[in-house]
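Undergrad: Please see the structure below; I have some questions.
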């Protein structure tokens with residue numbers, strides 16, 4: 001094995017141990033304004049404070065290196081394209097409600113050492129190849145943002161930008177690639193969730209020494225992960241590639257495991273004879289005969305998703321889901337089934353959907369059927385993630401009288 005690759009494996013292992021030793025997700029919904037330290041100052045956008053800025057760009061333009069720009073969500077959405085030419089910490093109060101909308105690139109980073117966290121980027125993309133985050137500099141950290149429902153754009157584009165960290169972002173339902181990296185080295189792509197993006201989930205071109213760990217890439221329009229051009233010395237493990245047309249393509253040959261554990265592949269057809277959770281045969285990566293030597297049999301979870309489901313009857317059937325864990329939930333699939341009895345309404349008995357984002361402690365109405373019409377004993381079963389809740393009740397025309405309920409985790 002090449003010495004450089006050995007060093008890379010050690011670094012990758014240290015990164016993975018660090019991440020698994022703490023939550024991959026932001027631990028709280030609300031971000032408190034930071035205390036100023038040394039000569040650095042905090043500038044505020046929105047809110048009701050005296051001297052607060054009304055536009056993010058105005059605060060950025062008045063900031064100096066190492067300052068913090070804190071953006072309140074009560075004045076959101078902010079209709080602007082933010083250009084960062086100073087090494088600052090740009091923090092949103094709430095990653096689901098501190099939103100930047102409209103324009104082309106939502107946030108462009110032109111200098112080194114910038115941190116951006118806690119924003120929702122949506123409805124962005126005036127023309128082709130726009131970006132939620134466009135980066136051409138080094139040493140930046142883009143973490144814990146929701147980049148969702150955008151037009152004609154990449155979620156995050158590192159354009160010749162090296163030594164950056166992209167982590168903990170939800171990138172869903174955008175009209176181009178989820179994460180795009182070109183002509184860059186030594187970037188870290190960690191613990192992001194990319195779902196239903198209309199390009200590649202992750203697209204690397206002429207990228208070297210990239211660590212791709214802990215990500216979930218699901219239902220992309222093209223491959224889940226594409227390594228094109230001269231992509232070498234990239235390490236990819238502990239990721240989930242689920243229901244993409246092609247889960248991955250590797251044109252030049254890279255490392256797809258850490259020496260003990262690889263990735264989860266939804267189309268892996270191998271067996272696990274000893275029950276250790278690792279497939280008996282490698283998963284072959286199309287392209288240049290690369291392989292994942294230790295494919296996972298079930299999806300990798302960096303932290304457990306802890307949700308509670310509540311089903312109630314009466315004149316309607318209502319289902320709520322609550323995130324009772326300490327970490328935010330980034331994309332959660334759910335489905336419900338109605339069995340038994342004679343139903344006039346609804347005509348369907350199975351429903352399914354997904355939750356894009358659910359912050360720690362938040363509750364969301366998952367489903368409501370009004371009116372529910374029929375007679376007899378019916379059972380409602382709802383599954384969200386790995387949690388299932390059921391309710392058995394007596395339906396008397398327009399009224400559902402609960403008889404029993406049980407939660408299965």
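Undergrad: Could you check residue 244 against (1) assigned to a strand (DSSP E or B); (2) touching a residue at least 24 places away in the same chain (Cβ under 8 Å) and say which number it fails?
TA: Result: residue 244 passes all but (1).
Undergrad: With respect to residue 137, is the statement that it is surrounded by fewer than 24 Cβ atoms within 10 Å (Cβ to Cβ) and touching a residue at least 60 places away in the same chain (Cβ under 8 Å) true? If you could, list the steps in order and put the result at the bottom.
TA: Numbers: surrounded by fewer than 24 Cβ atoms within 10 Å (Cβ to Cβ): yes; touching a residue at least 60 places away in the same chain (Cβ under 8 Å): no.
So residue 137 fails the test.
Undergrad: Take the residues of region 144-166 that are part of a strand (DSSP E or B) and touching a residue at least 60 places away in the same chain (Cβ under 8 Å): which is nearest to residue 122 (Cα to Cα)? Break it down into steps so the answer makes sense when it comes.
TA: Narrowing region 144-166 to residues part of a strand (DSSP E or B): 146-150, 153-159, 165-166.
Adding the requirement that they be touching a residue at least 60 places away in the same chain (Cβ under 8 Å) leaves 146, 148.
On the way: 146: 8, 148: 5 Å.
In this case the residue turns out to be 148.
Undergrad: Need a quick list: strands (runs of 3 or more DSSP E) entirely within region 290-331 having at least 3 residues that are within 30 Å of residue 271 (Cβ to Cβ) and touching a residue at least 12 places away in the same chain (Cβ under 8 Å).
TA: On the way: elements: 290-292, 307-312, 317-323.
It comes to 290-292.
Rundown of residues vs (1) within 19 Å of residue 299 (Cα to Cα); (2) part of a strand (DSSP E or B); (3) out of contact with any strand residue (DSSP E or B) (no Cβ under 9 Å at 6 or more places or on another chain); (4) not assigned by TED's automatic domain parsing to the domain that holds residue 330, yes/no style:
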{"site": "182", "(1), (2), (3), (4)": "no, yes, no, yes"}
{"site": "198", "(1), (2), (3), (4)": "no, no, no, yes"}
{"site": "212", "(1), (2), (3), (4)": "yes, yes, no, yes"}
{"site": "222", "(1), (2), (3), (4)": "no, no, no, yes"}
{"site": "268", "(1), (2), (3), (4)": "yes, no, no, yes"}
{"site": "274", "(1), (2), (3), (4)": "yes, no, yes, yes"}
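Undergrad: Go through (1) within 23 Å of residue 153 (Cα to Cα); (2) in a loop (DSSP other than H, G, I, E, B) one by one and return the number of the condition residue 206 breaks.
TA: (2)
Undergrad: Mind telling me which of the residues 141, 150, 145 ends up being under 21 Å from the mean Cα position of the chain (by Cα), modelled with pLDDT under 95 and assigned by TED's automatic domain parsing to the domain that holds residue 181?
TA: 150
Undergrad: Hey, another quick one. Run residue 124 past the list (1) in a strand (DSSP E or B); (2) buried (at least 23 other Cβ atoms within 10 Å of the Cβ) and report the number of the one that doesn't hold.
TA: (1)
Undergrad: Surrounded by 24 or more Cβ atoms within 10 Å (Cβ to Cβ) and out of contact with any helix residue (DSSP H, G or I) (no Cβ under 9 Å at 6 or more places or on another chain): does that describe residue 196? Give the derivation first.
TA: On the way: surrounded by 24 or more Cβ atoms within 10 Å (Cβ to Cβ): no; out of contact with any helix residue (DSSP H, G or I) (no Cβ under 9 Å at 6 or more places or on another chain): yes.
Here the answer is no, as residue 196 does not meet what is asked.
Undergrad: Inspect region 343-356 for any residue being under 18 Å from residue 217 (Cα atoms) and either without any contact (Cβ under 8 Å) to a residue 60 or more places away in the chain or in the same structural domain as residue 190 (by TED's automatic domain parsing) (or both) and give the result as yes or no. Before the answer, list the steps.
TA: As a first pass, look at region 343-356 and keep what is under 18 Å from residue 217 (Cα atoms): 353-356.
Next, from what is left, pick out any that are either without any contact (Cβ under 8 Å) to a residue 60 or more places away in the chain or in the same structural domain as residue 190 (by TED's automatic domain parsing) (or both): 353, 355.
Yes, region 343-356 has at least one match.
Undergrad: Right, something else. Of these, 213, 148, which one is over 21 Å from residue 245 (Cβ atoms) and touching a helix residue (DSSP H, G or I) at 6+ places or on another chain (Cβ under 7 Å)?
TA: 213
Undergrad: Being in contact with a strand residue (DSSP E or B) (Cβ under 6 Å, 6 or more places away or on another chain), at pLDDT 95 or above and not in a loop (DSSP other than H, G, I, E, B) narrows it down to one residue among 354, 381; which is it?
TA: When all the criteria are applied, what remains is 381.
Undergrad: Identify the residue in region 389-405 that is crowded, with 16+ Cβ neighbours inside 10 Å and under 38 Å from the mean Cα position of the chain (by Cα) and, among all such residues, is modelled with the lowest pLDDT.
TA: Among them, the one singled out is 405.
The values are calculated or read from the model by the stated rules, or taken from the named source; none is laboratory data. Quantities reported herein were computed from a predicted structural model and do not represent experimental measurements. Every residue, glycine as well, gets a Cβ built from its backbone with ideal geometry; the counts of neighbours run over all protein chains shown.
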